[in-house]
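Below you will find the structure I want to go over with you.
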């Protein structure tokens with residue numbers, strides 16, 4: 001019966017192991033589902049709607065084959081469509097029946113063209129390096145973008161450099177669950193059943209051998225012998241017996257003396273007893289020899305199984321935890337940038353400006369600066385060219401972008417406010433700046449930038465994913481409209497406590513105004529010390545710069561307002577034959593190219609200021625957040 005159960009175990013083990021192996025081989029399904037995009041009419045760009053990527057569940061993998069440097073990027077669909085407005089492209093979307101629909105879209109005619117008249121030639125824009133993308137990828141000949149998880153409202157742009165037809169070998173794949181959680185247990189169970197079958201087989205052989213009985217009969221009983229009377233024997237025989245018995249006594253005595261060193265030997269040499277010993281040892285030895293390969297085979301099959309071959313119990317034990325949900329208004333526009341996007345843009349701006357400052361390349365700096373920031377850089381490069389010892393501007397810190405406040409809009413221009421810090425050097429002050437993107441094809445440029453004291457706190461602002469709105473220049477909802485803020489502060493500087501706006505500003509603002517007046521007084525005192533006060537005079541005038549303020553709403557119904565004021569000092573002679581010598585003013589000499597002026601000199605400084613302006617009716621004062629001063633120009637009066 002043991003043999004029957006052993007055979008049953010062998011058959012069952014073969015079925016179990018075979019079923020486990022079959023699940024990982026011939027019965028194993030595909031690991032991914034693939035869809036090919038068929039492009040019929042070539043175009044410089046392919047715009048793939050995010051719905052195409054989300055047509056199947058799971059992370060999306062984009063595989064693109066081409067010839068040359070392939071570029072792919074993703075961003076908001078509305079932004080991509082605006083960027084492609086003056087270009088031909090193929091738009092890939094999902095049809096009603098679930099198939100892919102590829103539509104060729106022609107460039108939109110420029111404003112002012114006759115109705116129905118298309119542009120002569122679509123504009124070729126290079127997509128590489130645009131700030132509009134949330135993320136981008138670039139590879140040569142083959143591009144693989146895996147683990148993409150594009151939400152609703154996102155699309156993918158595919159191109160080369162915007163001048164030649166985009167790649168048309170595009171494949172999208174989604175992962176499929178081809179795990180076989182029972183393959184491992186089946187093979188392990190098969191190995192265990194195989195081991196049981198081997199044990200039954202060995203036990204059956206052993207039991208069969210024990211049940212055979214003796215194979216031959218032993219010898220019969222010996223006849224009974226009678227004692228021999230030695231005395232009755234002839235003398236010759238008696239002497240022979242006595243001599244043989246004496247010789248046998250000596251070896252026996254010797255053997256008895258060396259009994260401790262003697263070896264016990266089985267003198268019977270019974271073949272049946274030897275066979276019985278071998279029969280007792282052979283089953284155990286065979287059992288070990290057969291069991292070890294069975295255990296090894298089971299371990300080998302189990303070790304060759306991946307995690308997909310076993311049941312997973314971790315995910316089932318995970319318990320979701322509640323998280324707060326913030327619901328944006330229905331009419332809320334998307335933020336201009338994401339936090340990661342803003343951080344990347346700021347890093348690129350900082351790197352570009354460092355390169356431009358090193359090479360004194362104003363054209364390169366102009367790719368990332370605009371307005372007052374570019375004006376200050378222009379004068380700075382001129383001074384550093386003529387005065388090499390001039391200290392270069394500090395780099396924008398990018399170690400930690402602490403505040404990202406984007407404008408929530410789907411139009412252009414777009415503005416973002418950033419506050420960044422240097423975490424490795426406490427002596428480097430935080431920098432607050434505003435940057436603006438004028439149109440879809442332009443990159444963000446910094447227009448206002450100032451250093452903020454480490455002990456100054458920004459007012460509470462909206463989250464970066466929500467964004468905020470720009471405050472109109474003439475808004476009546478602030479204690480001072482943004483358009484009047486620069487003039488109010490200028491009046492405080494010029495008139496001190498006699499100004500009507502003096503009580504609107506906090507102590508740091510008033511201290512800044514006092515320091516500006518003190519620097520003016522130092523110049524007046526210097527003229528007096530040089531005995532020039534009788535032959536010359538100096539006047540000062542602070543006015544709002546010809547730059548529009550930038551105001552962004554905060555959570556307390558207030559705003560962070562960036563303004564620029566210019567402080568102009570004019571030194572003129574008071575007698576006809578007097579001249580104004582620049583003396584110890586190398587900057588005036590470098591900017592004017594002369595060392596004296598008959599009619600005087602006019603020097604202009606700019607102050608880029610960031611204020612926290614409270615809401616109308618609030619008892620709070622206007623707080624100074626950051627300030628940056630630059631020498632803008634020095635001109636000879638003609």
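Just so you know, all these numbers are worked out from the coordinates, no wet-lab data involved. Note that the structure is a prediction, hence the values are computed from the model and not measured. Cβ coordinates were reconstructed from backbone atoms using ideal geometry, including for glycine residues, and neighbour counts include every protein chain displayed.
Fewest Cβ neighbours within 10 Å first, please rank 141, 79 accordingly.
Least crowded to most crowded, the residues run 141, 79.
Expressed as a whole number of Å, what is the distance separating the alpha-carbon centroids of the range 528-552 and the range 460-513?
When both Cα centres are located, 21 Å separates them.
Now a separate question. Grab the beta carbon distance between residue 474 and residue 428, set R0 = 56 Å, and tell me the FRET efficiency rounded to 0.05.
So the FRET efficiency works out to roughly 0.90.
At what distance in angstrom do the alpha carbon centres of the range 333-401 and the range 122-194 lie from each other?
The distance from the Cα centre of the range 333-401 to that of the range 122-194 comes to 35 Å.
Give the percent of DSSP beta bridges with both residues in the range 339-636 that are antiparallel, rounded to the nearest 5.
95 percent
Please arrange 1, 28 by counting, for each residue, the other beta carbons lying within 10 Å of its beta carbon, fewest first.
Taking fewest neighbouring Cβ atoms as first place, the list is 1, 28.
Fewest first, what order do 517, 368, 344 take by the number of other Cβ atoms within 10 Å?
Ascending Cβ contact count within 10 Å gives the list 517, 344, 368.
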